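Please treat every number below as a calculation from the coordinates, not as lab data. Here the structure is a predicted model, which is why all the values come from computation and not from measurement. Neighbour counts are summed over all protein chains in view; Cβ atoms, including those assigned to glycine, are modelled from backbone coordinates with ideal geometry.
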Amino acid sequence: MLHELVLSGGRIGGGEGVPANVHVYVNPDEQERRYLCETFKLDEHTLGSALDPDEQSRLEFEPAHTAMIFKRPKNYSSAEEFLFRVTSMGLFLFADRLVIVLSEDGQLFEGKHFARVGSLAELVLKIIFGSILHFVGHLKVINAVSESLEDQINTSMHNRYLLNLFSLEKSLVYYLNAISSNGRLIERLKHAAAKIGFTPENLELIDDLLIENGQCYEQAMIYSNILASMMDARVSIVSNNLNWLMKTLTIITIAIMLPTLIVSIFSMNVEFPGRTHPLMFWVILALAVCSVGFIRFVWLWKRW
């Protein structure tokens, strides 16, 4: 799917009668890929890397354009069961146009940082900045979900919540790898600024990107370390909850069995003293009740 946009007057939008200089290809089909390779001379392998979620961020220079592959968070779906994934995105910067290739549609140009864009090169940097903000937003969601699951684990004996935490921990590993990979790409952009044609203002933005990406990486590392270090404790909590349940059920079983034993003894078809006494029914009932009270006394005495 192709979306054609125009960067003009510092803003991005659709322009009537104006040639588009921003081409966004969302999950291009075979015909669109062939068109990109033949018309824009994109390398077929690099184009495939832009759609490969396992590809690392990198920067490549071609005769007519600069190719950048970087990582961004994948749109979360409830079917993922608390597993946040990452995907790749390709930016192909030409002298007069920018070609964007991504595997799924997303709001690329939302945010106040897109309110004023001076050039296509600056647009590339702000798209990368938007990806960093997207990572930060997902990290906040992961932290909130983690705290909610912790509260449920403290009172639950199900493995479902632990499995959800494992999924969050796995997501953070993906995010750490993606954020680190993006950091190396930004470093290369800074070193190749003159070759790409970045202005001094763009270099200042690259420095901001390095700081923001570094802070994002540290935040993800903190969340990952907390989840990893507390996972054993949470497993112990679930095991302890199960032990308390089994202990309570055992005591209840004993409390039921003792009066049952007393009633069963007096229910045998044999002669015993006082069998014909008119108050024997109440005596047996009183002994059964006293046996329950005895179990209760021992429970409190032993502080079970």
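Points to keep in mind about this one:
- Restricting region 106-170 to GluC sites (Glu not before Pro) that sit in a DSSP loop and have at most 11 other Cβ atoms within 10 Å of their own Cβ leaves E110.
- Most to least packed among 161-167, 269-275 [average Cβ atoms within 10 Å]: 161-167, 269-275
- Computed [θ] at 222 nm, helices only, for the chain once each DSSP H run of length n ≥ 4 contributes -39500 (n - 2.57): -20500 deg cm²/dmol
- Where chymotrypsin sites (Phe, Trp or Tyr not before Pro) fall in DSSP loop in region 1-69, at most 16 other Cβ within 10 Å: F40
- Close amide H contacts of L42 (hydrogens built in the peptide plane, cut-off under 5 Å, sequence separation of 5 or more or a different chain): C37.
- Among the GluC sites (Glu not before Pro) within region 4-74, those in coil by DSSP and having at most 16 neighbouring Cβ atoms inside 10 Å are E16.
- Rounded to the nearest 20 debye, the dipole size of the chain about its Cα centre is 1620 debye, using +1 on the Cβ of Lys and Arg and -1 on the Cβ of Asp and Glu.
- Potential extension, R97-S229 segment - 0.36 nm per residue separation minus Cα distance: 42.7 nm
- Mean Cα-pair separation over length for the chain, i.e. relative contact order, pairs under 8 Å, 6 or more apart, %: 15
- When the charge dipole of the chain is built from unit charges on Cβ atoms (+1 for Lys and Arg, -1 for Asp and Glu) and taken about the Cα centre, the candidate among F92, N143, F297 whose Cα reaches farthest toward its positive end is F297.
- Dipole of the chain, positive direction: furthest Cα of I127, Y223, V22, with charges on the beta-carbon: Y223
- In nm, spacing of pseudo-spin labels at R275 and L261 (7 Å Cα→C-beta vector): 2.3
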